[in-house]
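The values are calculated or read from the model by the stated rules, or taken from the named source; none is laboratory data. Every value quoted in this text rests on a predicted model; they were computed, and no experiment measured them. Backbone-built Cβ (ideal geometry, glycine too); neighbour counts: all protein chains shown. Protein only, heavy atoms only, side chains kept; ligands, DNA and RNA dropped before computing areas. Shrake-Rupley method; radii C 1.70, N 1.55, O 1.52, S 1.80 Å.
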Amino acid sequence: MGPEMLDLTLIREHPQRVERALAKRAVHVNLTTFLALDEKYRQNKTQAETLRAERKRISRKIAQLPPTGPTAVAKRAEATELSARLAAIEEQLAGLTAERQAFLDQLPNLPDEDVPAGGKAQNQVVREHGTQPDFDFEPRDHVDLARRLGLIDYERGVKLGGTGHWVYRGNGALLEWALLNFFLETHVRDGYEFILPPHLLTYQAGYTAGQFPKFAEDVFAIEQGPAGPQRFLLPTSETALVNLHRDEVLAEAELPRKYVAYSPCYRREAGSYRATERGTLRGHQFNKVEMFQFAHPDASDLAHEELLARAAELVEALGLHHRITRLAAEDTSAAMAKTFDVEVWLPSISAYVEVSSVSNARDYQARRGNTRYRPAAGKPAYVHTLNASGLATSRLLPAMLEQHQRPDGTVAVPKVLQRWLGCEFLKPSTTE
């Protein structure tokens, strides 16, 4: 039997509840057919176990008899017939197991009860911080500012990597690295263990994260295997971090395990971009610091609140107007039960853009990766996994340029970053 993505006991005992929860995602399933398949699987499994026990009993009996006696000969014939029946049952069981697992593999996580049904239009703004900047001059957009300040070379980025790539240069590269340093320094100071994960991951890593098999087309595959990408470029450090304790049983006293990782993120980003998604707002490679927790189920909600507060505090420290949004079910990643987005205001497009998704997968990923903890009393149970961008930079930099721009074309550097750049303002550059 493979891993349980969703709690099979819940599916068996409360199928209508599961159906209603999935319907919030516009995933409409009728579990009647699956439950009939599951029942047949369980019956075959019981039959196979009974036949194995009977064959073992006969084998012990044969060992006690004279090998050439008539009873031994009859028992061996009986054992042969049992083995044939068992082989037929095991063949059926293998098919039922594969069919059952294929169905379960496609099911997304169940959204929490307080997650609204529907898509983006049903997302709920929880709170806002600060006010939208009000300029008494004609503001420039982030692409124009980045060019004038010599921070980003878009044309040479396309020349090197194709569409969806750019080159940070000079103060732009220093600003990008300052952001990463600031984030990592803050998280490590507050008790998160720093991880630098591999950039190439295996199929099992993608499966545990909930990326595979359904969303295998979204990643950059390096090697293809029978089930999908055998190795692929990590789309986010979360995909690596959730696998750190795969197939392990953690001591209850060790929870929560808190990690922070830095990596570039590689995304195919299939489909056409919106006209407003210029510059670094969307690309095939961007930098991100990721927070991750393996939490005790009883502390799962508190861990989620902590991660959200940490992400929002970083944006606040950069002096940016932002808001917190609770995502509706269809806008929530398939592996997650609940997600809050931290969104910064981008004046040039009069819209908020996400810089951190803060998510709780409950035990969905832990089931896929068989990551458990051992309580002081009782059997091992699944941990809860949570993640949060802490933060992604490719949309932060445009927001910083636009919100902190001044009439003379310079941009104020947030105080928390000034020690890495050695200046208070970014000024135009003539670098070509």
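For every residue, the table says whether it meets (1) open to solvent by less than 10 Å² (accessible area, probe 1.4 Å); (2) assigned to a helix (DSSP H, G or I).
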position: Gln230; (1), (2): no, no
position: Leu244; (1), (2): no, no
position: Ala253; (1), (2): no, yes
position: Cys265; (1), (2): yes, no
position: Arg268; (1), (2): no, no
position: Arg278; (1), (2): no, no
position: Asn287; (1), (2): no, no
position: Phe294; (1), (2): yes, no
Q. On the given criteria, is Leu386 open to solvent by less than 10 Å² (accessible area, probe 1.4 Å), part of a strand (DSSP E or B) and touching a Ser or Thr at 6+ places or on another chain (Cβ under 6 Å)?
A. no
Q. Do the conditions hold for Ala309, that is, is it under 19 Å from Ala117 (Cβ atoms), of a type in the set (A, V, I, L, M) and open to solvent by 10 Å² or more (accessible area, probe 1.4 Å)?
A. no
Q: Please tell me if Lys258 is open to solvent by 50 Å² or more (accessible area, probe 1.4 Å), modelled with pLDDT of 95 or more and not acidic (Asp, Glu).
A: yes
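Yes/no per residue for (1) polar (S, T, N, Q); (2) part of a helix (DSSP H, G or I); (3) touching a residue at least 40 places away in the same chain (Cβ under 8 Å):
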| site | (1), (2), (3) |
| --- | --- |
| Thr68 | yes, no, no |
| Leu82 | no, yes, no |
| Gly95 | no, yes, no |
| Asp114 | no, no, yes |
(Q) I'm told Ala48 meets every condition in (1) in contact (Cβ under 8 Å) with a residue 24 or more places away in the chain; (2) assigned to a helix (DSSP H, G or I); (3) within 30 Å of Ala361 (Cα to Cα) except one. Can you identify the failing condition by its number? (A) (3)
Q) Say we look at the range 330-342 and pick out the residues that are over 19 Å from Glu305 (Cα atoms) and outside any loop (DSSP other than H, G, I, E, B); which of these is least open to solvent (accessible area, probe 1.4 Å)? A) Asp331
**Q.** Failed criterion for Leu175 (all others in (1) closer than 30 Å to Leu401 by Cα; (2) of a type in the set (A, V, I, L, M); (3) surrounded by fewer than 16 Cβ atoms within 10 Å (Cβ to Cβ) hold)
**A.** (3)
Q: Mind counting the residues in the range 195-207 that are over 11 Å from Met291 (Cβ atoms), open to solvent by 20 Å² or more (accessible area, probe 1.4 Å) and in contact with a Phe, Trp or Tyr (Cβ under 8 Å, 6 or more places away or on another chain)?
A: 4
**Q.** Any pair with Cβ under 6 angstrom, 6 or more apart, that starts in the range 407-418 at a residue that is at pLDDT 95 or above and among the small types (Gly, Ala, Ser) and ends at one that is assigned to a loop (DSSP other than H, G, I, E, B) and surrounded by 15 or more Cβ atoms within 10 Å (Cβ to Cβ)
**A.** Ala412/His404
Q) Within the set of pairs 6 or more residues apart or between chains, which connect a residue that is over 22 Å from Cys265 (Cβ atoms) and open to solvent by 10 Å² or more (accessible area, probe 1.4 Å) inside the range 346-366 to a residue that is modelled with pLDDT of 95 or more and aliphatic (A, V, I, L, M) with Cβ atoms less than 6 Å apart? A) Arg362/Ala337
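Kindly provide the set of residues from the range 183-228 that are in a strand (DSSP E or B), within 27 Å of Arg257 (Cα to Cα) and of a type outside the set (A, V, I, L, M), ordered by number. Outline the logic, then answer.
Keep residues of the range 183-228 that are in a strand (DSSP E or B), which gives 193-195, 200-202, 221-224.
Going one step further and asking which of them are within 27 Å of Arg257 (Cα to Cα), we end up with 193-195, 200-202.
Within the range 183-228, Glu193, Phe194, Thr202 qualify.
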